[in-house]
Each structure stands twice: as structure tokens, then as C-alpha cells.
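Working notes, beginning with the structure itself.
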Amino acid sequence: SKFVKNIIDTRKDAESPIVLEEVTGDVLAKIIEYCEHHKNNPLVNDDEHEVEPQRSDNILPWDKQFMEVDQDMLFKIMLASKNMDIKPLLDLGCKTVANMIRGKSAEQIRTMFDITDEFTDEEKEQSLKENEWAEAHKKD
């Protein structure tokens, strides 16, 4: 991670602790486990990164098992990987969430992620009317 390298390179005292805001020990342990497993993988230069959209159905078996954690841990890993600039781990988290919601209705997703529905029945009806084209497209 460029983030961690920069922190190490700019420290004045090699003995001083490295503070990672909002990263608990259990989350850091998971991140280290991921990095250790993938330490020999070639780094992908963002400039050379694929132009094609990423797929969420091509997760390696080890990575899939690694991400079999509760939602709280999953989102903490994703937040920490974003803040620590560990793009492959963040991408893995995003693919995992994409797979979790694939094929689910909006109501199922709200339930899954404990999202409250703040729209009135009238607002929902209006939204359905405005987006009829999307529903028609799903049936094709």
C-alpha cells in the first residue's frame, strides 16, 4: 500500500506507533492476512488498468472464503482498504457486495442492509411511474 509506505517513510521515529484511524485490530489482522496471501501477485498500474468493466463473478476461491465475514466486518474492511489505498482488496469488497445484492429487490436490499424506507406511498408510486422504462427493460 502506498499509504502505509508513505507513513513509514515520513515517520521521524521508527519506534513511534503508526496510527490508522478507524482501523481496529481485528480489521487490521484481516487486511494483513489478505496482503500476506497476495504479496507475490503482480501490482497493477492504474494507468494500465483494464478499460473493461470489472466482473463480480470471477472471485478466486481463497478470496471468496476470505470475504465470508459478517456485514459489519465486510464494510470495515472495505473502508480500511479504501483509506489505506489497497485497491485490490477494495475491489474484492465491492464485488462481494455486488454479489450479495444481485437479483434482490429494493425492499430485500433495504432489509439486508437495514436501510429505512423514507418515501411515502405517493412518492413510491410517482417513482414507479417515472421509471416504468426500467421495469419494462428488465422483462425483455
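Could you tell me which of the pairs Lys104/Lys129; Lys39/Lys87; Lys5/Lys64 are separated by over 18 angstrom between their Cα atoms in the structure shown? The pairs that break the limit, which is 18 Å between Cα atoms, are Lys104/Lys129; Lys5/Lys64. Ranked by the mean number of other Cβ atoms within 10 Å of their residues, highest first, the peptides 73-85, 15-27 come out as 73-85, 15-27.
For Thr116 and Ala98, the difference between the fully extended length at 0.36 nm per residue and the C-alpha to C-alpha distance is 4.5 nm.
Treating only the Cα positions of segment 48-134 as identical point scatterers, give the base-10 log of I(q)/I(0) from the Debye formula at each q in 0.19, 0.22, 0.23, 0.26 Å⁻¹. Taken in order of the listed q values, log10 I(q)/I(0) reads -0.97, -1.11, -1.16, -1.33. Derived scalar couplings between HN and Hα for segment 104-112 equal 8, 7, 4, 5, 5, 5, 4, 5, 4 Hz in order, rounded to whole Hz, by the Karplus curve 6.51 cos²θ - 1.76 cosθ + 1.60 (θ = phi - 60°), x for Gly and Pro.
Since every read-out is calculated from the coordinates, none of them should be taken as a lab result. Only a predicted model underlies this, so the values are computations on that prediction, with no experimental measurement involved. Virtual Cβ from ideal backbone geometry, glycine too; neighbours counted across all protein chains shown.
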